[in-house]
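Report on the following structure.
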Amino acid sequence: MKPTLVSTLILELFVVSCVVAELHRFEHAAKPDGSLSFLVVGDWGRRGLYNQSQVALQMGIIGEKLDIDFIISTGDNFYDNGLTGVDDPAFHESFTDIYTAPSLQKQWYTVLGNHDYRGNVEAQLSPILRKMDSRWLCLRSFILNAGPEMAEFFFVDTTPFVSSYFIDPEGHVYDWNGILPRKNYLNNLLMEVESALRESTAKWKIVVGHHTIKSAGQHGNTHELAIHLLPLLQAYQVDLYINGHDHCLQHISSSKSGIQFMTSGGGSRAWRGDVGAWDNPQEMKLYHDGQGFMSVEMTQTEVDIKFYDVFGNVLHKWSTSKQLSLAI
């Protein structure tokens with residue numbers, strides 16, 4: 001029996017919806033020896049002020065030492081209110097003119113923060129910026145296959161999860177174009193992330209977002225992410241959750257799930273002086289109320305992470321390993 005026009009249209013709509021539901025994927029090759037290294041920085045864009053330039057200097061030094069492959073930005077890329085448009089000079093004054101070291105002329109994989117949503121979001125997502133500076137790659141949510149089978153990075157747009165930005169924006173104006181209706185956007189995003197995590201065969205699974213899930217800093221735990229995103233991280237055995245938002249360097253090792261929660265939000269303004277007590281002190285491996293960044297070196301079997309302060313001093317090291325699975 002031939003399909004009817006209605007059934008054909010329904011099938012076509014279903015296929016289109018499935019295509020739309022897939023997160024955009026990028027690939028980044030590992031080094032010839034199979035290793036991978038990168039830096040993570042967040043909450044940085046202040047035209048070099050609040051020690052942004054000093055952090056950038058140290059990133060350049062460490063980046064050269066580790067021969068990094070790329071940089072991850074955990075959001076709040078341009079203060080205080082994102083970009084006004086693709087011609088906003090803040091893009092050059094806070095990014096291109098600051099991260100000038102030869103080692104930092106690599107791809108930047110970037111998510112949006114809440115301050116970015118106070119500006120023109122489409123400007124940061126625009127391919128025009130990539131033409132201005134080829135390092136810049138910013139999407140709401142996407143996947144990076146690195147190695148390409150060694151590590152899979154799931155970049156998640158966390159700002160729309162936070163209810164207070166909608167209910168009580170405190171006088172700020174957020175750019176919700178492309179987000180509303182919010183419930184549909186979040187449901188679709190969660191389905192996309194779950195599907196990608198479920199199908200992942202990567203040795204290491206890393207989720208990157210702007211907002212904290214666990215933090216003793218000024219913003220603390222993000223309730224909405226703990227409800228909606230954390231269960232996915234636990235169910236699909238994610239190794240690392242990397243975020244910014246709190247302007248500090250922080251490592252919390254979950255005794256319950258084994259997930260490592262890494263905050264790298266010290267790209268510029270820090271020293272908030274607002275540190276809360278953690279319920280399980282043994283989980284808190286590092287809390288540095290100051291500027292800095294983190295590095296990650298990885299192979300198929302090992303991950304080594306270091307946190308650096310604004311002077312390039314190593315504040316904290318953490319390593320873990322996995323055995324290679326043998327094909328039968």
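The values are calculated or read from the model by the stated rules, or taken from the named source; none is laboratory data. The structure presented is a predicted model; accordingly, all values stated were derived computationally and were not measured. Note: ideal-geometry Cβ built from the backbone for every residue, glycine included; neighbour counts use all protein chains shown. For accessibility, only protein heavy atoms count, side chains too; no ligands or nucleic acids. Shrake-Rupley method; radii C 1.70, N 1.55, O 1.52, S 1.80 Å.
Counting DSSP beta bridges in the chain, what percent are antiparallel, to the nearest 5?
Rounded to the nearest five, the antiparallel share is 50 percent.
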Notebook entry, point to check: With every protein chain present, what is the per residue accessible area of the chain (1.4 Å probe, Å²)?
Noted result: 46 Å²
Note to self: Just want to confirm a number: the relative contact order over segment 130-192, from Cα pairs under 8 angstrom separated by 6+ residues, in percent.
What the structure shows: 19 percent
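Normalising by the residue count of the chain, find the relative contact order in percent from Cα pairs under 8 Å and 6+ residues apart. Present the calculation step by step, with values, prior to reporting the outcome.
Numbers: 727 pairs, mean separation 64.2, N = 328.
Normalised by residue count, the contact order of the chain is 20 percent.
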Next item on the list: Assign unit charges at the C-beta atoms only (+1 for Lys and Arg, -1 for Asp and Glu), then state the dipole size of segment 188-258 relative to its Cα centre in Debye, rounded to the nearest 20.
Entry: 220 debye
Next item on the list: Could you look at the chain and say what percent of its accessible area is carbon and sulfur, using a 1.4 Å probe and all protein chains?
Entry: 54 percent
Next item on the list: Using the Karplus curve 6.51 cos²θ - 1.76 cosθ + 1.60 with θ = phi - 60°, work out ³J(HN,Hα) for each residue of segment 216-231 in order, rounded to whole Hz, and write x for Gly and Pro.
Entry: 9, x, 4, 7, x, 5, 8, 4, 5, 6, 4, 7, 9, 9, 4, x
Notebook entry, point to check: When you count, for each residue, the other Cβ atoms within 10 Å and take the mean per peptide, how do 62-69, 73-80 rank with the highest first?
Noted result: 73-80, 62-69
Check: From the phi of every residue in segment 238-247, what ³J(HN,Hα) in whole Hz does the Karplus formula 6.51 cos²θ - 1.76 cosθ + 1.60 yield, where θ is phi - 60° and glycine or proline is x?
Finding: 5, 7, 10, 10, 10, 8, x, 6, 7, 7
Check: Using the Karplus equation 6.51 cos²θ - 1.76 cosθ + 1.60 (θ = phi - 60°), what ³J(HN,Hα) coupling, rounded to whole Hz, does each residue of segment 282-296 give in order, writing x for Gly and Pro?
Finding: 5, 6, 7, 8, 7, 9, 10, 7, x, 7, x, 7, 9, 10, 9
Checklist line | Spatial separation of Cα centroids for segment 250-328 and segment 94-137, in angstrom | finding: 24 Å
Margin query: Springs between alpha-carbon pairs under 10 angstrom, Gaussian network model over the chain: which of 150, 262, 132 fluctuates most?
Written below: 132
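What dipole magnitude, in Debye to the nearest 20, does the chain give about its Cα centre under +1 on Lys/Arg Cβ and -1 on Asp/Glu Cβ? Kindly include the intermediate steps, with their values, before the conclusion.
On the way: 25 positive and 37 negative charges, 83 e Å.
I would put it at about 400 debye.
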Note to self: Just want the answer: with Cβ charges of +1 for Lys and Arg and -1 for Asp and Glu, which residue in 312, 115, 278 is farthest toward the dipole's positive end in the chain?
What the structure shows: 278
Item checked: FRET efficiency estimate (nearest 0.05) - Cβ-Cβ, residue 187 to residue 235, R0 25 angstrom -> 0.90
